[in-house]
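What follows draws every value from the coordinates through simple rules; no lab data is involved. Predicted model, so just to flag it, every value in this text is computed and none were measured. Note: ideal-geometry Cβ built from the backbone for every residue, glycine included; neighbour counts use all protein chains shown.
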Amino acid sequence: MKTLKAHWNNIFSNKADRELGWYEKDVSQTLWFLDEIPRNTSNVVFLPDAGTSLLVDELLSKGYQLILNDISDEALNALRERTGEKEGVSWLQHDISEPLPADIPQVDIWIDRAVLHFLLDEADIEGYFANLHTVVKPGGWVLLAEFSTLGAPKCAGLELHRYSVNEMSRRMGSEFELIRSEEYTFINPFGDPRPYIYALYKRLHG
Ligand SMILES: C[S@@+](CC[C@H](N)C(=O)[O-])C[C@H]1O[C@@H](n2cnc3c(N)ncnc32)[C@H](O)[C@@H]1O
């Protein structure tokens with residue numbers, strides 16, 4: 001059976017960005033949520049599923065330090081080719097459902113657009129949230145953007161676990177306060193509506 005990494009590498013090596021169902025030319029929806037977070041360029045932002053997202057370019061232009069993770073080294077290579085090597089950027093190829101390497105520093109902001117919903121086994125979902133709980137600092141922020149309960153049942157040929165804000169909040173746990181959430185319909189590059197749920201959380205200070 002093909003591994004998950006091979007599945008994603010195959011997609012990224014055979015399709016142009018604009019042919020990807022999740023390709024977002026305009027990342028304003030995410031930036032609008034980030035406007036809630038007091039701006040501090042010493043903040044470290046962790047993307048568990050950077051892909052080839054244009055959000056990375058926006059975050060770089062705002063001066064953030066970034067840790068860019070993805071299971072697909074093809075995606076990370078394409079992204080690095082686009083952005084060039086930048087100071088303050090670390091690269092990581094890792095399955096986000098598995099424990100992160102111990103040397104990952106604590107981060108101020110975690111932004112996930114569309115990876116959590118691919119995790120189907122309870123152990124993998126728990127592994128994702130264990131990583132999030134380990135690396136997000138007290139006082140830090142988490143933005144989750146996943147297919148909502150109204151969303152399509154599959155993406156990239158894979159089954160999805162679709163989310164309500166209630167389920168997200170339950171899994172985030174009582175240390176995280178929900179700041180804002182929104183149902184948002186993304187229109188994909190083929191013109192099809194893809195309902196997402198966006199939710200921004202703040203971690204309480206200990
Ligand atoms: C739907 S794409 C979204 C990419 C990017 N966040 C964006 O908005 O363009 C999902 C991304 O998650 C990555 N991915 C899938 N499963 C993963 C896993 N278990 N751990 C880390 N990354 C994973 C894929 O390689 C892909 O880049």
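Overview of results
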read-out	value
Reachable aspartates and glutamates from Lys202, criterion Cα separation under 12 angstrom, eight or more residues apart if same chain	Glu36, Asp108, Glu175, Glu177
Neighbour-count ranking [beta-carbon atoms within 10 angstrom, fewest first] of Val56, Val89	Val89, Val56
Taking Trp8, Trp141, Trp32 and counting other C-beta atoms within 10 Å, the order from fewest to most	Trp32, Trp8, Trp141
Proximal charge balance of Arg80 [Cβ under 13 Å; K/R count +1, D/E count -1]	-4
Cα point-scatterer Debye curve for the stretch 1-98, base-10 log of I(q)/I(0) at q = 0.10, 0.13, 0.20 Å⁻¹	-0.28, -0.47, -1.06
Dimensions in Å of the stretch 4-203 - Rg and Dmax from alpha carbons	15.6, 42
Electrostatic dipole magnitude of the stretch 4-203 [Cβ: Lys, Arg +1; Asp, Glu -1; Cα centre; debye, to 20]	340
Neighbour-count order for His117, His133, His205, fewest beta carbons within 10 angstrom listed first	His205, His133, His117
Sum of side-chain charges, Val142 neighbourhood, beta-carbon under 13 Å (Lys, Arg +1; Asp, Glu -1)	0
In nm, spacing of pseudo-spin labels at Ile187 and Thr41 (7 Å Cα→C-beta vector)	3.6
The stretch 181-206-the stretch 100-172 distance, computed between alpha-carbon centres (Å)	12
Residue-by-residue Karplus 3J(HN,Hα) for the stretch 127-137, coefficients 6.51, -1.76, 1.60, Hz, glycine and proline x	x, 4, 5, 5, 4, 4, 5, 6, 9, 7, 5
